[in-house]
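Notes follow the structure.
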Amino acid sequence: MKAMVLTAIGQPLQWQDRPDPVPPPGELRLRVEACAVCRTDLHVVDGELTLPRLPLVPGHEIVGMVDRVGEGVDSKWLHRRVGVPWLGHACGHCAYCAAGRENLCDVPVFTGHGRDGGFATHVLAEAAFCLPIDLPMDSAHVAPLLCAGLIGWRSLRLAGADARSLGLYGFGAAAHLIAQIAVQQGRQVFAFTRPGDAAAQRFALELGATWAGDSTAAPPEPLDAAIIFAPVGALVPLALGAVRKGGRVVCGGIHMSDIPTFPYRLLWQERQLLSVANLTRTDATEFLAAAARMPLHVEIARYPLSGANQALDDLRGGRLNGAAVLIP
(Lines give C-alpha, C1' and ligand atoms only; values in the text may rest on other atoms or scores of the structure.)
Protein backbone atom coordinates (compact mmCIF):
# COMPACT_ATOMS: atom_id res chain seq x y z
CA MET A 1 0.00 0.00 0.00
CA LYS A 2 0.96 3.64 -0.35
CA ALA A 3 0.28 6.38 2.16
CA MET A 4 0.93 10.03 2.92
CA VAL A 5 2.40 9.98 6.41
CA LEU A 6 2.90 12.61 9.11
CA THR A 7 6.30 11.93 10.68
CA ALA A 8 6.81 15.24 12.50
CA ILE A 9 4.47 18.03 13.54
CA GLY A 10 4.45 20.97 11.16
CA GLN A 11 6.30 19.06 8.44
CA PRO A 12 4.92 18.05 5.03
CA LEU A 13 3.44 14.58 4.78
CA GLN A 14 5.80 11.99 3.33
CA TRP A 15 4.93 9.50 0.57
CA GLN A 16 5.65 5.99 1.84
CA ASP A 17 5.33 2.42 0.65
CA ARG A 18 4.06 0.13 3.40
CA PRO A 19 3.14 -3.56 3.66
CA ASP A 20 -0.51 -4.25 2.93
CA PRO A 21 -2.31 -4.30 6.30
CA VAL A 22 -4.06 -7.40 7.61
CA PRO A 23 -7.28 -6.73 9.53
CA PRO A 24 -7.26 -8.00 13.12
CA PRO A 25 -10.39 -9.53 14.68
CA GLY A 26 -13.43 -7.27 14.40
CA GLU A 27 -11.94 -5.07 11.69
CA LEU A 28 -12.26 -4.50 7.95
CA ARG A 29 -9.72 -3.57 5.30
CA LEU A 30 -10.87 -1.02 2.77
CA ARG A 31 -9.42 -0.21 -0.60
CA VAL A 32 -9.79 3.55 -0.37
CA GLU A 33 -11.72 5.17 -3.21
CA ALA A 34 -11.77 8.70 -1.80
CA CYS A 35 -10.81 10.56 1.36
CA ALA A 36 -11.89 14.14 1.92
CA VAL A 37 -9.57 16.61 3.62
CA CYS A 38 -11.01 18.15 6.77
CA ARG A 39 -9.94 21.17 8.76
CA THR A 40 -9.32 18.74 11.62
CA ASP A 41 -6.58 17.22 9.46
CA LEU A 42 -4.96 20.65 9.44
CA HIS A 43 -5.20 20.79 13.23
CA VAL A 44 -3.51 17.37 13.36
CA VAL A 45 -0.71 18.25 10.93
CA ASP A 46 -0.11 21.69 12.43
CA GLY A 47 0.08 20.35 16.00
CA GLU A 48 -3.02 22.09 17.31
CA LEU A 49 -4.35 18.76 18.60
CA THR A 50 -2.38 16.50 20.93
CA LEU A 51 -1.50 13.31 19.09
CA PRO A 52 -1.23 9.95 20.85
CA ARG A 53 1.17 8.61 18.22
CA LEU A 54 3.56 9.36 15.37
CA PRO A 55 4.09 8.47 12.60
CA LEU A 56 0.45 8.80 11.56
CA VAL A 57 -1.61 8.61 8.39
CA PRO A 58 -4.22 11.42 8.61
CA GLY A 59 -7.69 11.38 7.10
CA HIS A 60 -11.11 10.52 8.52
CA GLU A 61 -13.63 11.13 5.74
CA ILE A 62 -13.03 7.82 4.01
CA VAL A 63 -15.05 5.89 1.45
CA GLY A 64 -13.84 2.58 0.12
CA MET A 65 -14.63 -1.00 -0.82
CA VAL A 66 -14.12 -3.75 1.74
CA ASP A 67 -11.64 -6.26 0.31
CA ARG A 68 -10.80 -8.28 3.43
CA VAL A 69 -12.37 -8.93 6.83
CA GLY A 70 -10.86 -9.94 10.14
CA GLU A 71 -11.84 -12.86 12.32
CA GLY A 72 -15.37 -12.61 13.68
CA VAL A 73 -16.59 -10.17 11.03
CA ASP A 74 -19.59 -11.23 8.94
CA SER A 75 -18.59 -11.93 5.36
CA LYS A 76 -21.55 -9.78 4.22
CA TRP A 77 -19.18 -6.79 4.55
CA LEU A 78 -16.99 -8.06 1.72
CA HIS A 79 -17.21 -6.03 -1.48
CA ARG A 80 -19.48 -3.44 0.15
CA ARG A 81 -18.89 0.29 -0.13
CA VAL A 82 -18.53 1.72 3.36
CA GLY A 83 -17.60 4.97 5.04
CA VAL A 84 -15.17 5.47 7.90
CA PRO A 85 -15.77 8.58 10.05
CA TRP A 86 -13.81 10.40 12.76
CA LEU A 87 -15.07 8.24 15.64
CA GLY A 88 -13.17 5.00 15.16
CA HIS A 89 -13.87 3.37 18.54
CA ALA A 90 -15.76 3.97 21.76
CA CYS A 91 -15.45 1.78 24.84
CA GLY A 92 -19.18 1.07 25.17
CA HIS A 93 -19.19 0.91 28.96
CA CYS A 94 -18.19 4.29 30.43
CA ALA A 95 -20.97 6.51 31.80
CA TYR A 96 -21.17 8.50 28.56
CA CYS A 97 -21.40 5.45 26.31
CA ALA A 98 -24.00 3.90 28.61
CA ALA A 99 -26.07 7.07 28.29
CA GLY A 100 -25.95 7.00 24.48
CA ARG A 101 -23.32 9.75 24.30
CA GLU A 102 -20.46 7.81 22.77
CA ASN A 103 -19.18 11.05 21.25
CA LEU A 104 -18.01 11.90 24.79
CA CYS A 105 -16.50 8.46 25.51
CA ASP A 106 -13.75 8.57 28.14
CA VAL A 107 -11.36 6.49 26.03
CA PRO A 108 -12.22 7.06 22.37
CA VAL A 109 -10.04 6.37 19.36
CA PHE A 110 -10.30 8.73 16.40
CA THR A 111 -9.54 7.87 12.80
CA GLY A 112 -6.52 9.72 11.43
CA HIS A 113 -5.56 10.69 14.99
CA GLY A 114 -5.25 7.68 17.31
CA ARG A 115 -5.15 5.22 14.41
CA ASP A 116 -4.08 5.51 10.80
CA GLY A 117 -6.58 7.13 8.48
CA GLY A 118 -7.45 7.40 4.84
CA PHE A 119 -4.65 9.39 3.19
CA ALA A 120 -3.65 6.01 1.75
CA THR A 121 -4.61 3.33 -0.73
CA HIS A 122 -5.80 1.01 2.08
CA VAL A 123 -7.04 1.49 5.62
CA LEU A 124 -8.18 -0.68 8.51
CA ALA A 125 -11.30 0.19 10.49
CA GLU A 126 -13.39 -1.35 13.24
CA ALA A 127 -16.43 -2.92 11.58
CA ALA A 128 -18.81 -1.71 14.30
CA PHE A 129 -17.95 1.91 13.48
CA CYS A 130 -18.12 1.65 9.68
CA LEU A 131 -21.13 2.99 7.80
CA PRO A 132 -22.74 1.22 4.83
CA ILE A 133 -22.95 3.70 1.93
CA ASP A 134 -25.97 3.31 -0.34
CA LEU A 135 -26.22 6.86 -1.65
CA PRO A 136 -26.42 7.38 -5.44
CA MET A 137 -23.23 9.48 -5.53
CA ASP A 138 -19.71 8.58 -6.48
CA SER A 139 -17.28 8.08 -3.60
CA ALA A 140 -15.54 11.43 -4.12
CA HIS A 141 -18.82 13.25 -3.46
CA VAL A 142 -19.79 11.01 -0.53
CA ALA A 143 -16.49 11.46 1.32
CA PRO A 144 -17.13 15.02 2.64
CA LEU A 145 -20.41 13.84 4.16
CA LEU A 146 -18.48 11.70 6.66
CA CYS A 147 -17.27 14.63 8.75
CA ALA A 148 -18.27 17.96 7.24
CA GLY A 149 -21.77 16.59 6.82
CA LEU A 150 -21.96 14.69 10.10
CA ILE A 151 -20.58 17.46 12.31
CA GLY A 152 -22.73 19.98 10.45
CA TRP A 153 -25.78 17.80 11.11
CA ARG A 154 -25.03 17.51 14.82
CA SER A 155 -24.44 21.27 14.99
CA LEU A 156 -27.75 21.92 13.23
CA ARG A 157 -29.57 19.71 15.74
CA LEU A 158 -28.00 21.59 18.65
CA ALA A 159 -29.00 24.89 17.06
CA GLY A 160 -32.60 23.76 17.59
CA ALA A 161 -35.52 22.77 15.40
CA ASP A 162 -37.16 26.10 16.27
CA ALA A 163 -34.26 28.13 14.81
CA ARG A 164 -35.90 29.44 11.64
CA SER A 165 -33.23 32.06 10.92
CA LEU A 166 -29.77 30.52 11.04
CA GLY A 167 -26.35 32.13 10.72
CA LEU A 168 -23.40 30.10 9.40
CA TYR A 169 -19.96 31.53 10.15
CA GLY A 170 -17.35 30.14 7.79
CA PHE A 171 -18.77 28.92 4.49
CA GLY A 172 -16.65 25.90 3.69
CA ALA A 173 -17.15 22.15 3.47
CA ALA A 174 -19.56 21.79 6.40
CA ALA A 175 -21.53 25.00 5.90
CA HIS A 176 -22.19 24.47 2.19
CA LEU A 177 -23.81 21.10 2.99
CA ILE A 178 -25.79 22.15 6.05
CA ALA A 179 -26.98 25.34 4.35
CA GLN A 180 -28.74 23.21 1.75
CA ILE A 181 -30.40 21.01 4.37
CA ALA A 182 -31.47 24.04 6.41
CA VAL A 183 -33.01 25.66 3.32
CA GLN A 184 -34.85 22.45 2.45
CA GLN A 185 -36.17 22.41 6.03
CA GLY A 186 -37.68 25.84 5.42
CA ARG A 187 -35.12 27.87 7.37
CA GLN A 188 -33.54 31.14 6.31
CA VAL A 189 -29.76 30.91 6.07
CA PHE A 190 -27.44 33.87 6.60
CA ALA A 191 -23.88 33.11 5.46
CA PHE A 192 -20.86 34.86 6.97
CA THR A 193 -17.52 34.56 5.15
CA ARG A 194 -14.01 35.94 5.44
CA PRO A 195 -14.18 39.68 4.85
CA GLY A 196 -14.14 40.40 1.13
CA ASP A 197 -14.62 36.79 0.01
CA ALA A 198 -17.10 37.62 -2.74
CA ALA A 199 -16.77 34.16 -4.35
CA ALA A 200 -17.86 32.36 -1.17
CA GLN A 201 -20.71 34.82 -0.72
CA ARG A 202 -21.94 34.19 -4.27
CA PHE A 203 -21.66 30.46 -3.67
CA ALA A 204 -23.80 30.74 -0.52
CA LEU A 205 -26.49 32.66 -2.38
CA GLU A 206 -26.46 30.10 -5.21
CA LEU A 207 -27.14 27.38 -2.63
CA GLY A 208 -30.19 29.20 -1.30
CA ALA A 209 -28.89 31.52 1.42
CA THR A 210 -31.12 34.52 2.07
CA TRP A 211 -28.14 36.79 2.72
CA ALA A 212 -24.35 36.54 2.53
CA GLY A 213 -21.78 38.97 3.84
CA ASP A 214 -18.56 39.50 5.77
CA SER A 215 -18.18 37.84 9.16
CA THR A 216 -17.68 41.28 10.71
CA ALA A 217 -21.03 42.55 9.38
CA ALA A 218 -24.33 42.49 11.23
CA PRO A 219 -27.08 40.41 9.62
CA PRO A 220 -30.12 42.29 8.30
CA GLU A 221 -32.22 40.87 11.14
CA PRO A 222 -31.55 39.15 14.48
CA LEU A 223 -30.86 35.41 14.19
CA ASP A 224 -32.52 32.58 16.09
CA ALA A 225 -29.25 30.66 16.14
CA ALA A 226 -25.76 30.65 14.67
CA ILE A 227 -23.22 27.91 13.96
CA ILE A 228 -19.52 28.76 13.87
CA PHE A 229 -17.54 26.45 11.60
CA ALA A 230 -14.48 28.67 11.19
CA PRO A 231 -11.85 27.98 13.92
CA VAL A 232 -11.74 31.65 14.90
CA GLY A 233 -12.50 32.51 18.51
CA ALA A 234 -13.11 36.17 17.65
CA LEU A 235 -16.32 35.10 15.89
CA VAL A 236 -17.95 34.03 19.16
CA PRO A 237 -18.79 37.53 20.44
CA LEU A 238 -19.83 38.57 16.93
CA ALA A 239 -22.23 35.64 16.70
CA LEU A 240 -23.60 36.25 20.20
CA GLY A 241 -24.25 39.83 19.19
CA ALA A 242 -26.13 38.65 16.10
CA VAL A 243 -28.60 36.27 17.81
CA ARG A 244 -31.83 37.40 19.43
CA LYS A 245 -32.77 36.94 23.08
CA GLY A 246 -32.82 33.24 23.93
CA GLY A 247 -30.76 32.42 20.85
CA ARG A 248 -28.01 29.84 20.55
CA VAL A 249 -24.47 29.94 19.23
CA VAL A 250 -22.99 26.54 18.42
CA CYS A 251 -19.24 26.07 17.93
CA GLY A 252 -18.89 23.23 15.44
CA GLY A 253 -15.11 22.69 15.38
CA ILE A 254 -12.76 20.52 17.40
CA HIS A 255 -10.28 23.38 17.78
CA MET A 256 -10.66 27.14 17.89
CA SER A 257 -8.33 30.03 18.56
CA ASP A 258 -8.80 31.73 21.92
CA ILE A 259 -12.11 33.48 22.47
CA PRO A 260 -11.52 37.12 23.39
CA THR A 261 -13.16 38.64 26.44
CA PHE A 262 -16.57 40.12 25.75
CA PRO A 263 -19.19 42.00 27.77
CA TYR A 264 -21.70 39.89 29.67
CA ARG A 265 -24.58 41.68 27.93
CA LEU A 266 -23.81 39.61 24.79
CA LEU A 267 -24.57 36.40 26.69
CA TRP A 268 -27.32 37.78 28.90
CA GLN A 269 -31.04 37.34 28.17
CA GLU A 270 -30.67 33.57 28.10
CA ARG A 271 -28.46 33.31 25.06
CA GLN A 272 -26.57 30.01 25.00
CA LEU A 273 -23.05 29.14 23.87
CA LEU A 274 -22.56 25.45 23.03
CA SER A 275 -19.85 23.25 21.57
CA VAL A 276 -20.09 20.12 19.46
CA ALA A 277 -17.77 17.23 20.24
CA ASN A 278 -17.27 14.45 17.73
CA LEU A 279 -20.32 12.43 16.62
CA THR A 280 -22.29 9.30 17.35
CA ARG A 281 -23.25 6.44 15.08
CA THR A 282 -26.85 7.54 15.52
CA ASP A 283 -25.90 10.96 14.09
CA ALA A 284 -24.42 9.16 11.09
CA THR A 285 -27.47 7.00 10.48
CA GLU A 286 -29.81 9.98 10.72
CA PHE A 287 -27.71 12.22 8.51
CA LEU A 288 -27.16 9.67 5.76
CA ALA A 289 -30.91 9.00 5.72
CA ALA A 290 -31.54 12.75 5.42
CA ALA A 291 -28.95 13.03 2.64
CA ALA A 292 -30.79 10.29 0.74
CA ARG A 293 -34.06 12.24 1.01
CA MET A 294 -32.68 15.71 0.33
CA PRO A 295 -30.67 16.20 -2.85
CA LEU A 296 -27.33 17.78 -1.99
CA HIS A 297 -24.87 19.57 -4.21
CA VAL A 298 -21.45 18.53 -2.88
CA GLU A 299 -18.78 20.90 -4.13
CA ILE A 300 -15.39 19.19 -4.35
CA ALA A 301 -11.90 19.72 -5.69
CA ARG A 302 -10.11 16.48 -6.58
CA TYR A 303 -6.43 15.87 -5.80
CA PRO A 304 -4.28 12.77 -6.31
CA LEU A 305 -3.19 11.05 -3.10
CA SER A 306 0.33 12.39 -3.69
CA GLY A 307 -1.17 15.91 -3.69
CA ALA A 308 -2.26 15.76 -0.05
CA ASN A 309 0.16 18.50 1.00
CA GLN A 310 -1.19 20.83 -1.68
CA ALA A 311 -4.77 20.07 -0.63
CA LEU A 312 -3.93 20.87 2.99
CA ASP A 313 -2.22 24.09 1.95
CA ASP A 314 -5.18 25.15 -0.21
CA LEU A 315 -7.50 24.52 2.73
CA ARG A 316 -5.20 26.43 5.08
CA GLY A 317 -5.11 29.35 2.66
CA GLY A 318 -8.88 29.51 2.16
CA ARG A 319 -8.61 28.73 -1.55
CA LEU A 320 -11.42 26.17 -1.64
CA ASN A 321 -15.16 26.35 -2.12
CA GLY A 322 -16.49 23.12 -0.68
CA ALA A 323 -14.14 20.24 0.11
CA ALA A 324 -10.82 18.89 -1.11
CA VAL A 325 -10.91 15.16 -1.85
CA LEU A 326 -7.94 12.83 -2.32
CA ILE A 327 -8.32 10.10 -4.95
CA PRO A 328 -5.75 7.27 -4.62
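Only one of (1) closer than 30 Å to VAL232 by Cβ; (2) at pLDDT 95 or above fails for ASP20. Which number is that?
(1)
Right, ILE227: in contact with a helix residue (DSSP H, G or I) (Cβ under 6 Å, 6 or more places away or on another chain) and either surrounded by 14 or more Cβ atoms within 10 Å (Cβ to Cβ) or at pLDDT below 95 (or both) or not? Give the steps one after another, and end with the answer.
Details: in contact with a helix residue (DSSP H, G or I) (Cβ under 6 Å, 6 or more places away or on another chain): yes; either surrounded by 14 or more Cβ atoms within 10 Å (Cβ to Cβ) or at pLDDT below 95 (or both): yes.
Taking the combined requirement at face value, the residue satisfies it.
Kindly list, by first and then second residue, each pair from a residue in region 240-259 that is closer than 16 Å to LEU279 by Cβ to a residue that is open to solvent by 10 Å² or more (accessible area, probe 1.4 Å) and in a strand (DSSP E or B), limited to pairs with Cβ atoms under 6 Å and residues at least 6 apart or on different chains.
Listed by first residue and then by second, the contacts come to VAL250/LEU274; CYS251/SER275.
Which ones in region 292-325 are more than 23 Å from ALA230 (Cα to Cα) and of a type in the set (A, V, I, L, M)?
ALA292, MET294, LEU305
Each row is one residue, and each column tells you yes or no for (1) among the β-branched types (Val, Ile, Thr); (2) without any contact (Cβ under 8 Å) to a residue 12 or more places away in the chain.
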site: HIS176; (1), (2): no, no
site: GLN184; (1), (2): no, no
site: ALA198; (1), (2): no, yes
site: ASP214; (1), (2): no, no
site: ALA226; (1), (2): no, no
site: THR261; (1), (2): yes, yes
site: TYR264; (1), (2): no, yes
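Looking at HIS141, HIS113, which is the one that is open to solvent by 10 Å² or more (accessible area, probe 1.4 Å), under 17 Å from the mean Cα position of the chain (by Cα) and closer than 18 Å to TYR303 by Cβ? Outline the logic, then answer.
Details: HIS113 fails: closer than 18 Å to TYR303 by Cβ.
One residue alone meets the criteria, HIS141.
Consider region 83-100. How many of its residues are farther than 30 Å from MET137 by Cβ and either of a type in the set (Phe, Trp, Tyr) or within 18 Å of the chain's Cα centre (by Cα) (or both)?
Filtering region 83-100 down to residues farther than 30 Å from MET137 by Cβ leaves 91-99.
When the remaining residues are screened for being either of a type in the set (Phe, Trp, Tyr) or within 18 Å of the chain's Cα centre (by Cα) (or both), the result is 96.
Counting residues in region 83-100 that are farther than 30 Å from MET137 by Cβ and either of a type in the set (Phe, Trp, Tyr) or within 18 Å of the chain's Cα centre (by Cα) (or both) gives 1.
Can you tell me which residue within region 37-78, out of those that are over 24 Å from ALA8 (Cβ atoms) and open to solvent by less than 10 Å² (accessible area, probe 1.4 Å), is farthest from the chain's Cα centre (by Cα)?
Taking region 37-78 first, the residues over 24 Å from ALA8 (Cβ atoms) are 63-78.
Next cut, open to solvent by less than 10 Å² (accessible area, probe 1.4 Å) only: 63-64, 66, 70.
Working: VAL63: 14, GLY64: 18, VAL66: 23, GLY70: 28 Å.
The qualifying residue farthest from the chain's Cα centre (by Cα) is GLY70.
Take region 207-228 and flag every residue that is more than 13 Å from VAL189 (Cβ to Cβ) and of a type outside the set (Val, Ile, Thr). Explain how you work it out, then say what you get.
Step one: filter region 207-228 for residues more than 13 Å from VAL189 (Cβ to Cβ), giving 214-218, 222, 228.
Once the filter is applied, which keeps residues that are more than 13 Å from VAL189 (Cβ to Cβ) and of a type outside the set (Val, Ile, Thr), region 207-228 yields ASP214, SER215, ALA217, ALA218, PRO222.
Identify, from the list THR193, THR216, the residue that is among the polar types (S, T, N, Q), open to solvent by less than 10 Å² (accessible area, probe 1.4 Å) and either under 26 Å from ASP314 (Cβ atoms) or under 20 Å from the mean Cα position of the chain (by Cα) (or both). So that I can check it myself, show each step before the final result.
On the way: THR216 fails: open to solvent by less than 10 Å² (accessible area, probe 1.4 Å).
Step by step, each of THR193, THR216 is checked, and only THR193 is among the polar types (S, T, N, Q), open to solvent by less than 10 Å² (accessible area, probe 1.4 Å) and either under 26 Å from ASP314 (Cβ atoms) or under 20 Å from the mean Cα position of the chain (by Cα) (or both).
Checking the conditions here, which among ALA99, ALA127, ALA95 is open to solvent by 20 Å² or more (accessible area, probe 1.4 Å) and under 30 Å from ARG293 (Cβ atoms)?
When all the criteria are applied, what remains is ALA99.
Here is a list: THR285, THR280. Which entry is touching a helix residue (DSSP H, G or I) at 6+ places or on another chain (Cβ under 6 Å) and either of a type in the set (Val, Ile, Thr) or free of Cβ contacts under 8 Å to residues at least 12 places away in the same chain (or both)?
Details: THR285 fails: touching a helix residue (DSSP H, G or I) at 6+ places or on another chain (Cβ under 6 Å).
Sole residue among the options that is touching a helix residue (DSSP H, G or I) at 6+ places or on another chain (Cβ under 6 Å) and either of a type in the set (Val, Ile, Thr) or free of Cβ contacts under 8 Å to residues at least 12 places away in the same chain (or both): THR280.
Within region 1-16, restricting attention to residues that are among the aliphatic types (A, V, I, L, M) and assigned to a strand (DSSP E or B), which residue is surrounded by the fewest Cβ atoms within 10 Å (Cβ to Cβ)?
At the first step, the residues of region 1-16 found to be among the aliphatic types (A, V, I, L, M) are 1, 3-6, 8-9, 13.
Adding the requirement that they be assigned to a strand (DSSP E or B) leaves 3-6.
Numbers: ALA3: 28, MET4: 26, VAL5: 19, LEU6: 24.
Here the answer is VAL5.
GLU221 - would you say it is part of a helix (DSSP H, G or I) and open to solvent by 40 Å² or more (accessible area, probe 1.4 Å)? Spell out the reasoning first.
On the way: part of a helix (DSSP H, G or I): no; open to solvent by 40 Å² or more (accessible area, probe 1.4 Å): yes.
No; evaluated as a whole, the condition is false for this residue.
The values are calculated or read from the model by the stated rules, or taken from the named source; none is laboratory data. All figures in this text were calculated on a predicted structure; none of them were measured in a lab. Cβ: placed from backbone, ideal geometry, glycine included. Neighbour counts: every protein chain shown. For the accessible areas, the whole protein counts, side chains as well, though only heavy atoms, and no ligand, DNA or RNA atoms are used. Shrake-Rupley method; radii C 1.70, N 1.55, O 1.52, S 1.80 Å.
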